[in-house]
Amino acid sequence: MKHYFNPMSRGVTTDWMLREMDVPHEQIIVDIAAGDNKSAEYRKINPMQKLPALVDGNTIVTEVAGICAYLADKFPEKGFAPDIGTAARGSYFRYLFVTGNTLEPAFSLAALGIEHPNPGSAGWGDMPRVLDTIEALTPDDSWALGEKFTTADVVFGGLLDFSTVFNWFEASPKVTAYIERIRSRPAYRETHGAFIDS
Ligand SMILES: N[C@@H](CCC(=O)N[C@@H](CS)C(=O)NCC(=O)O)C(=O)O
């Protein structure tokens with residue numbers, strides 16, 4: 001399994017996921033500053049020219065949430081995702097998809113001080129709705145799906161953590177406490193050194 005990433009990119013989250021699950025893999029650092037993600041070779045892996053990407057045999061997986069979900073399903077014995085068909089699986093999907101489809105685009109626009117003129121037609125609504133959603137989905141204690149840490153925390157908690165580093169939103173006390181729990185995980189600390197110190 002090959003993991004294409006850069007420690008100063010969103011790939012830090014998939015790196016963390018691989019470490020949490022202790023999955024053997026080949027680490028391939030792609031230099032974004034040098035434009036290596038735009039090479040013809042890398043564009044065959046991801047035409048979006050984005051990191052991270054995971055190549056497992058003939059299978060290419062891109063998108064942070066996609067890679068994390070793939071790993072959780074590939075190694076079910078590690079217990080990083082609720083079983084298919086359970087109620088918890090629905091909640092799990094909500095965390096995975098709301099993060100990439102809704103929180104990310106809202107943060108990207110907010111970081112530039114841009115507001116969509118029609119929140120009703122934008123899939124991510126607007127920042128007030130996004131902040132209410134983050135507050136509602138953030139656990140008061142433990143983890144997103146309860147006592148057990150899962151991929152939902154890597155994806156959702158990972159984006160909240162990443163976003164506060166870039167000051168994309170102001171975390172409430174509850175969200176700050178959740179991010180602190182995320183940051184106290186050994187696998188997080190092992191994979192986020194360069195990122196947090198930047
Ligand atoms: N939706 C993508 C976003 C990935 C992304 O934006 N990666 C950035 C680094 S944080 C990137 O590769 N940028 C290089 C470029 O677009 O040229 C995901 O979840 O993986």
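Observations, loosely collected:
- Number of the condition not met by Ala34 [criteria: (1) aliphatic (A, V, I, L, M); (2) more than 29 Å from Glu147 (Cα to Cα); (3) touching a strand residue (DSSP E or B) at 6+ places or on another chain (Cβ under 9 Å)]: (3)
- Filter pass, Met1 being more than 14 Å from the ligand (Cβ to nearest atom) and open to solvent by less than 70 Å² (accessible area, probe 1.4 Å): yes
- Test set (1) in contact (Cβ under 8 Å) with a residue 60 or more places away in the chain; (2) closer than 23 Å to Leu71 by Cα; (3) open to solvent by 10 Å² or more (accessible area, probe 1.4 Å) - Val98 fails condition number: (1)
- Residue list for the range 6-18, restricted to those being within 11 Å of the ligand (Cβ to nearest atom) and buried (at least 23 other Cβ atoms within 10 Å of the Cβ): Gly11, Val12, Thr13, Thr14
- The range 19-44: number of residues that are farther than 16 Å from Tyr188 by Cβ and either touching a Ser or Thr at 6+ places or on another chain (Cβ under 7 Å) or buried (at least 21 other Cβ atoms within 10 Å of the Cβ) (or both): 3
- Residue list for the range 60-78, filter: within 16 Å of the ligand (Cβ to nearest atom), open to solvent by 20 Å² or more (accessible area, probe 1.4 Å), over 16 Å from Pro7 (Cα atoms) and out of contact with any strand residue (DSSP E or B) (no Cβ under 9 Å at 6 or more places or on another chain): Ala65
- On the stretch given as the range 19-49, residues that are assigned to a loop (DSSP other than H, G, I, E, B) and either within 12 Å of the ligand (Cβ to nearest atom) or among the polar types (S, T, N, Q) (or both) total 11.
The values are calculated or read from the model by the stated rules, or taken from the named source; none is laboratory data. Just so you know, these numbers come straight off a predicted model, no measurement behind them. Backbone-built Cβ (ideal geometry, glycine too); neighbour counts: all protein chains shown. Protein only, heavy atoms only, side chains kept; ligands, DNA and RNA dropped before computing areas. Shrake-Rupley method; radii C 1.70, N 1.55, O 1.52, S 1.80 Å.
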